[in-house]
Each structure stands twice: as structure tokens, then as C-alpha cells.
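The values are calculated or read from the model by the stated rules, or taken from the named source; none is laboratory data. In this text, all values refer to a predicted model and were calculated from it rather than measured experimentally. Positions of Cβ are generated from backbone atoms using ideal geometry, with glycine treated the same way; all protein chains shown enter the neighbour counts.
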Amino acid sequence: IMALDTQKTIGFLKIIGALKDLERFRGQFFWREYPQRDRYESVADHTWRMAMMLILVEPHLSEPIDLGKALKMLLIHDLPEIIAGDLSPLGSDGTGQDSHLYNKEKAEEKYQNEKKAAESIFGNLPKEQAEEFLALWLEFEEQENYESRVVKAIDKIEGKLQASEYLQGHMFPAHLDFSLKYGVSTFEVDPTLKELGMAINEELKKDYKEFKTGG
């Protein structure tokens, strides 16, 4: 058993505590027009429910998964946002056309900024752990294996679920359209995740009521 580097561990835990203060949704296109909340979920909140979702669906996936590895990947995948920020896929006009979602140049810029942030944050760990975490982060970004694609699908499903809970169906028509399309291609990794993701889409459609400013 390798001895714990206590000081480096404490230092890293203090750094990643910032994820608890990094809000999602606030100030993004569409969201700035909706009734403002005293508290928006943090990226850490989002990651926690992703982890619970993975644990719940794991026995029902069509292929065996390395659950320990997938959970590690899931728990670290958003840590670079502490430095690089949580960029909205909605972009400046709610279509995502000028965001990393559809713009390759923006996607590459986001990747490079987050990679630099990942190296900086993980660099506070002992060398072996730092290398492991960076490798897992890169594996998630590359999306070339089953674990990484399962985690990506869960990432999109959880965000969709959170949005539906906040808004309880009251959305601008263009936001509903964006939300229904967002992340759907990632669901193809597994029938169980596709069923779950599309069920949440059906709830979005069923609960939909057009939001009107001031109404």
C-alpha cells in the first residue's frame, strides 16, 4: 500500500471544492429571461446525480462496464471547468450555432483550454495519480470506448432532467426545440440509456407550456 501524500491530497481537495460554487444555467441564453432562482445547481450537484444515475443503470446496460473506472471518469470529467468555466452549448442566440456544440473552431478552443486546466489541476496530485486522472479525462474527451460514451450520455441526460425540473414545462418554443435535440445522438451508445433519455424528452413534450416574458 502506497502512503497517502496528506498535504497534496488536502490541497487538491481544497482546489476541487470550487466545483461546488460553479453554477449551471444562470445567465445563459433563454435562462436569463426565466424567473431567477436564489440558487442554481452547481457543477458538483450535477456530477453527484450523474454518479447516482450510472450506479442505477449499470446493471441494465447491454455490455459489461468497468464501473470503478467509469465512476472515476465521471467524477473528474468536469473538474477543468473550475478554471476554464462551464460554457453554455446554447451560444449567444439559443441555437448553439456559435458555441462549441456546432462550431468546430469553438469546440477545439474549449478542448485546449480545458486540457490546459486539467493539467494544472491534476498537477497538484502525486505524479501517478495526476497521470491517471489526466488519462481518464482525455479518454472521456476522445469518446472512443464504451465507458466514455456511457458517461457522456449520462451527462446529457442529467442536464436535460435538471432543466425540466427547474422549468416544469414553462419554456420558450425555441428552447424546447433545442432541449429535445440536445444530446440525443449520445443516447445511441446503449438501449437502456436511449430509453431513459427519450423518456425524459417525452416528459418535456408532455409538460410543455409556452413561456412568455412577463407571464
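Of the residues E202, E114, only one is surrounded by 12 or more Cβ atoms within 10 Å (Cβ to Cβ) and at pLDDT 95 or above; which?
E114
Please verify whether A130 is hydrophobic (A, V, I, L, M, F, W, C) and surrounded by 18 or more Cβ atoms within 10 Å (Cβ to Cβ), treating the condition exactly as stated.
Yes: the conditions hold for A130.
Scan the range 88-138 residue by residue and report those that are farther than 25 Å from K160 by Cα, aliphatic (A, V, I, L, M) and not in a helix (DSSP H, G or I).
Hit for the range 88-138 is L125, nothing else.
Which one is surrounded by the fewest Cβ atoms within 10 Å (Cβ to Cβ), of the residues in the range 69-87 that are part of a helix (DSSP H, G or I) and among the charged types (D, E, K, R)?
Among those residues, the one meeting the criterion is K69.
Please specify each residue of the range 157-195 satisfying the condition of being over 15 Å from W31 (Cβ atoms), crowded, with 20+ Cβ neighbours inside 10 Å and hydrophobic (A, V, I, L, M, F, W, C).
Hits for the range 157-195 are I157, F187, V189, L193.
Out of the range 37-68, which residues are surrounded by fewer than 14 Cβ atoms within 10 Å (Cβ to Cβ) and part of a loop (DSSP other than H, G, I, E, B)?
R37, D38, R39, S62, E63, P64, D66
Taking the stated definitions as given, is L193 of a type in the set (A, V, I, L, M, F, W, C) and farther than 27 Å from L138 by Cβ? Can you show your working first?
Values: of a type in the set (A, V, I, L, M, F, W, C): yes; farther than 27 Å from L138 by Cβ: no.
In short, no.
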